[in-house]
Amino acid sequence: MSDLVMANGDGAGVLRFMRSNGYKGPFILTSGYSEDAIVHNVVMADPATIFLPKPYSVAQLGDSIDTMLDRFAAQASFTSS
């Protein structure tokens, strides 16, 4: 999980770095800014990533984590078949 906007980079860059280094697991991008085209393109290009807008509740964070784990589990079972 990473915030989209950071002082010395951005969450999309963190995601690209992680993917380029072999991380294939779920990822949540979050931001107080509205979902723009850049975020949309990153999330659409990577089905293991979702966008969680701020502010979010603990329940919304939990739901996002559940969604990501469900997607990851489904993808893992699909690729291992």
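What follows draws every value from the coordinates through simple rules; no lab data is involved. Remember, it's a predicted structure, so these values are computed and weren't measured experimentally. All Cβ positions, glycine included, derive from the backbone under ideal geometry; neighbour counts span all protein chains shown.
For this structure, a couple of remarks:
- Whole-number percent relative contact order across the chain, with pairs defined as alpha carbons under 8 Å at least 6 apart: 27
- Extension gain from Ala59 to Val5, taking 0.36 nm per residue of separation minus the Cα-Cα distance: 17.2 nm
- Pairwise label distance in nanometres, Asp70 with Ser20, each label 7 Å out on the Cα-Cβ vector: 3.3
- Long-range amide H partners of Asp3 with built H, under 5 Å: Thr30
- Note on the chain: percent of Cα-Cα distances in each 5 Å bin, starting at 0 and stopping at the bin with the largest distance, equals 3, 15, 25, 25, 20, 9, 3, 1, 0.
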